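The values are calculated or read from the model by the stated rules, or taken from the named source; none is laboratory data. Predicted model, so just to flag it, every value in this text is computed and none were measured. Neighbour counts run over all protein chains shown; Cβ positions are idealised from the backbone, glycine included.
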Amino acid sequence: MDRSGTLRLLLGMALATLLLAGCCGLSLDRIKNLAATPTAVPPTATFTPLPPTATFTPLPPTATSTPEPPTVTPTPLPPTATSTPEPPTATPTPSPPPSGGALRYDGVYQSDKVTTYWYYIRFYPDGTVLTISATAPAQDLIPWLTRDRVGSPGVSIGQYAVDGQQIVFSATSERGTVDYEGLILPDALDLHTYSHINGHRGHRLYYFVPAPKR
């Protein structure tokens, strides 16, 4: 409490004492003595300030864990069907005519057509054999393919040997030599060949074509 407040309190107390003395018959001297005796003012209470409220640092928000997505179980693909390759188409081998034929000299033996040409073979009774490949049909070639043509381009000549139904010969031209071996059939030959020119091996049937009648 400040000083002015204390004075007002003292004046108030003195006035109250006078009133009380008048009521109770106290003498003026008694009142003066009472007034002269200072009344101890109780000490102003000292308030200890409260300590500051502790400031709490808020905790960081708890991290919300993102739930892991459910594991997807892959569905296995069905096995791919393995296609079975088709077997290669077998090339039919022409069936040879029945065995037991005799070698013929009155015409030529002609192969099946190879692209644009044929193979021809002509025999003579003395063991001479002529071969050629030509685009001309047999009826046109027969009068031309004679021993007089030996030495012409493409004409091969050789000697053949017969043992029963077996026949073997080689024919040579300006290009090289080709070997022949096989069977004599009725009006046909079943021959295996080997070319010394290019190393090619073959197998062909040759069918007899008689010379045109004059």
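Here are a few things to note about the model shown:
- Of 126, 190, all but one fail to be charged (D, E, K, R) and assigned to a strand (DSSP E or B); the exception is 190.
- Hits in the range 195-214 (condition: of a type outside the set (A, V, I, L, M) and surrounded by 15 or more Cβ atoms within 10 Å (Cβ to Cβ)): 204, 206, 207, 208
- Tabulated pairs, the range 152-165, first in the same structural domain as residue 131 (by TED's automatic domain parsing) and over 15 Å from residue 125 (Cβ atoms), second at pLDDT below 95 and small (Gly, Ala, Ser), C-beta under 9 angstrom, 6+ apart or interchain: 157/151; 165/99; 165/100; 165/101
- When residues in the range 151-192 are screened for being surrounded by 17 or more Cβ atoms within 10 Å (Cβ to Cβ) and not aliphatic (A, V, I, L, M), 9 of them pass.
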